[in-house]
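What follows is a short report on a single structure.
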Amino acid sequence: MTKATDADIQAVFDAWRQHRERPDVCKFTKDRQKLIRDRLGLGYTVDDFVALVEFVHVASDPWCDFMRKNQYTGLDYLLRREKLGDRVERAVIWKSEHAKSELKRIEEEATGLSLGVLGQFRRGGL
C-alpha cells in the first residue's frame, strides 16, 4: 500500500470543495487532511473518492437525492469509515456506467446515428 501524498489529499479535498455551495469558505484544515490521509491509507484511491464525491453530488439516484436533501454531503460524513466500502463501490459502478453512457452519446452524435423517433425529433428531423 502506497502512502498518500499531499497532492493526493489536496485532489480529494478540491474535488469535494468544487461541489460545495460556497467553495471559497471551505477550509483545508488539519482535521480534513488527516481524515483524507487516513481513508486513503485504507487502500482507496484518489479516483475512488473523486467518484464518490461526484456520485453524491450529481447522480440521479434515490440514495444521493436523500444525501443531498438532508445535507449529508460533508467530507467527514461521506468518508465515514463504517460505510465507506459500500459508498465507494456504488460510486465506482455509477462512474463506470455514467462514462459508458456518455461515451455512447458522444459516439452517436459524432456518427449521426439515428435514435429512432425521439432521436430524429431531437435533431429536428420530425
(request) Quote the FRET efficiency, to the nearest 0.05, computed for Arg68 versus Ala110 with a Förster distance R0 of 41 Å and r equal to the Cβ-Cβ distance. (result) 0.80
(message) Using Cβ contacts closer than 10 Å as the measure, can you line up Val50, Val56 from fewest to most?
(response) Val50, Val56
(message) Taking 0.36 nm per residue of sequence separation and subtracting the Cα-Cα distance, how much length would be gained by fully extending the chain between Ser96 and Glu82, in nm to one decimal?
(response) 2.7 nm
(request) Please order Thr73, Thr111, Thr29 by the number of other Cβ within 10 Å, starting at the fewest. (result) Thr111, Thr29, Thr73
(message) Order these by the 10 Å Cβ neighbour count, fewest first: Ile36, Ile9.
(response) Ile9, Ile36
(request) With a point put 7 Å past each Cα toward its Cβ, work out how far Thr45 is from Asp31 in nm, to one decimal. (result) 3.1
(message) Around Arg68, under 13 Å between beta carbons, what's the net of Lys plus Arg minus Asp minus Glu among the other residues?
(response) -2
(request) Count the net charge of all other residues whose Cβ sits under 11 Å from the Cβ of Leu35, scoring Lys and Arg as +1 and Asp and Glu as -1. (result) +4
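Each value in this text was obtained by applying a stated rule to the coordinates, not by laboratory testing. Being a predicted model, the structure only gives us computed values, none of them experimental. Cβ atoms come from the backbone with ideal geometry, glycine included; neighbour counts cover every protein chain shown.
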